[in-house]
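What follows is one structure encoded as structure tokens, with my remarks underneath.
The values are calculated or read from the model by the stated rules, or taken from the named source; none is laboratory data. Note that the structure is predicted; figures quoted are calculated from it, not measured. Every residue, glycine among them, receives a Cβ derived from its backbone with ideal geometry; neighbour counts consider all protein chains shown.
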Amino acid sequence: MKAEIITSGTELLLGEIPDTNTAYIAGQLAALGINLYYASTVGDNFERYSGVLKQAWARSDLIITTGGLGPTQGDITREVVSAMLGEKMTIDPDLKKELTEFFTRLHIEMPDNNLKQATLILSARAMRNTAGTAPGWWVEKDGRTIIVLPGPPREMQTMWENVVLPRLEASRSAIIMSRLIKTWGLSEAAVDQLVSPFLKESNPTLGIYAKPDGIQLRITARENTREGAAEMIARREREIREVMKEHIWGVDNDTLESIVGRLLARRALTLAVAESFTGGLLALALNNVPEGQGFFKGGVVISPCARFSWNLGEPGSATATLMASQVREKFSTDIGMAIDGPGGPGPAAPGSKLFIAIGNDRANEVFTPGYMGRPEQVARRTVNHALILLRNFVDRTS
């Protein structure tokens, strides 16, 4: 099956909002073993949109569109699809009733324009939108499928998970399973070299992806039975673990903060953090872990003007160690951790360094990571690095 994604909206072309829908759908298709060949973005122009859709219809079996399902004149996806297929849009009584009841519950008079959201064509089945007002379309004709989804990411993802994914899974002739292996400490090129013998195989396949929390490996297996696919993935995972060793930190939906949280909770250890450069990103990550209320006791964000009250000098190893010690004492925790650097997460002077300090009542360690990129990227990577270091520190000292 050849798949193609079309995202619509002039705001995407102008860079006013990022296109996260393509990335999400592409990942979902990969997990299903569906080959994505093309992805494009088109503005709210009938002729251009029609041209893009006709091209997709000529070369792809599965076409997925997002956006253009609102009530305004600029929302033209339904019109473009119906015109290309030569089918007339008509108001569906059930969709109209649901839409009217929605506005009634809000005590708002429904504008007439909203009625276009209750239309269907003969080849389309409606997909209910439980997160918004715009139903999607599932269109099947001449051996091809067009899946028409709303543009807002929350609405699109909800419809995908509730309606689209189950239908696509049910239509597969083989069982396709995936496993995501997450690594840290090696470059993409180094990981590629280590797993190169597996990259040439077609079943299971292996993909490499660079992410903010390290390099990820996706194993995808296709088999006639779930047990067979699971065994293929397990065998390949064992082989990858033999070459990647300690660089693997998690799998699938694991996050660095959840891994660290479970480790600290399991060992009944408590933690407090102090941050200058990262502005509270580390505390936010730890606070969002379900186990956080047990192990995470608090965090302090130290601005440049507050360094004096903490008796801190310029950023350095000694200063970071002092921050970790003081925050551990302030919150009476087993472990104190600090990230210190040049001011807040703004542009740093050339050659400036970041410092990550971790300490308990038996040991203190300081690390100086070096990253390039935009300030927000550097801050995020520093937090990820700090979580990896914290995991290793706990393993060594407790």
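Please list, ordered by first then second residue, the pairs with beta carbon atoms under 6 Å, 6 or more apart or interchain, first in region 88-103 and touching a residue at least 12 places away in the same chain (Cβ under 8 Å), second assigned to a strand (DSSP E or B).
M89/T119; I91/T119; D92/L120; L95/A126
Going by the conditions given, is E365 among the charged types (D, E, K, R), loosely packed, with under 15 Cβ neighbours inside 10 Å and modelled with pLDDT of 90 or more?
It is false that E365 is among the charged types (D, E, K, R), loosely packed, with under 15 Cβ neighbours inside 10 Å and modelled with pLDDT of 90 or more.
Would you mind stating whether Y24 is in a helix (DSSP H, G or I) and surrounded by 19 or more Cβ atoms within 10 Å (Cβ to Cβ)?
no
A268: assigned by TED's automatic domain parsing to the domain that holds A324 and either exposed (fewer than 15 other Cβ atoms within 10 Å of the Cβ) or among the polar types (S, T, N, Q) (or both), yes or no?
It is true that A268 is assigned by TED's automatic domain parsing to the domain that holds A324 and either exposed (fewer than 15 other Cβ atoms within 10 Å of the Cβ) or among the polar types (S, T, N, Q) (or both).
Could you please find all residues in region 353-362 being assigned to a loop (DSSP other than H, G, I, E, B), out of contact with any Leu (no Cβ under 9 Å at 6 or more places or on another chain) and surrounded by 13 or more Cβ atoms within 10 Å (Cβ to Cβ)?
If the condition is that a residue be assigned to a loop (DSSP other than H, G, I, E, B), out of contact with any Leu (no Cβ under 9 Å at 6 or more places or on another chain) and surrounded by 13 or more Cβ atoms within 10 Å (Cβ to Cβ), then K353, L354 are the ones that fit.
Quick one: in region 104-114, of everything that is in contact (Cβ under 8 Å) with a residue 40 or more places away in the chain and not in a loop (DSSP other than H, G, I, E, B), which residue is surrounded by the most Cβ atoms within 10 Å (Cβ to Cβ)?
It comes out as N114.
Pairs, please: C-beta under 6 Å, at least 6 apart or cross-chain, first residue more than 20 Å from I25 (Cβ to Cβ) and in region 39-59, second modelled with pLDDT of 95 or more and outside any helix (DSSP H, G or I)?
Correct list of pairs: F46/I76; R48/V42.
Would you check if there is a residue in region 96-103 being at pLDDT 95 or above and among the aliphatic types (A, V, I, L, M)?
no
If R307 passes every condition in (1) touching a Lys or Arg at 6+ places or on another chain (Cβ under 9 Å); (2) charged (D, E, K, R); (3) at negative phi but one, which one does it miss?
Here R307 meets the rest and fails (1).
Of the residues L165, L149, L180, only one is crowded, with 16+ Cβ neighbours inside 10 Å, within 22 Å of the chain's Cα centre (by Cα) and assigned by TED's automatic domain parsing to the domain that holds V80; which?
L149
Please list, ordered by first then second residue, the pairs with beta carbon atoms under 9 Å, 6 or more apart or interchain, first in region 15-32 and on the phi > 0 side of the Ramachandran plot, second of a type in the set (A, V, I, L, M, F, W, C).
The qualifying pairs do not exist here.
Among the residues of region 153-162, what is the count of those that are of a type in the set (D, E) and surrounded by 15 or more Cβ atoms within 10 Å (Cβ to Cβ)?
1
Do you know which of the residues in region 368-398 that are surrounded by 14 or more Cβ atoms within 10 Å (Cβ to Cβ) and basic (K, R) is farthest from S187 (Cα to Cα)?
Applying the filter and picking the extreme gives R391.
Collect the residues in region 58-80 that are surrounded by 18 or more Cβ atoms within 10 Å (Cβ to Cβ) and of a type in the set (A, V, I, L, M, F, W, C), keeping them in residue-number order.
Hits for region 58-80 are L62, I63, I64, L69, I76, V80.
For region 236-301, which fully contained strands (runs of 3 or more DSSP E) count at least 1 residues that are within 20 Å of the chain's Cα centre (by Cα) and not polar (S, T, N, Q)?
In region 236-301, the matching strands (runs of 3 or more DSSP E) lie at 248-251.
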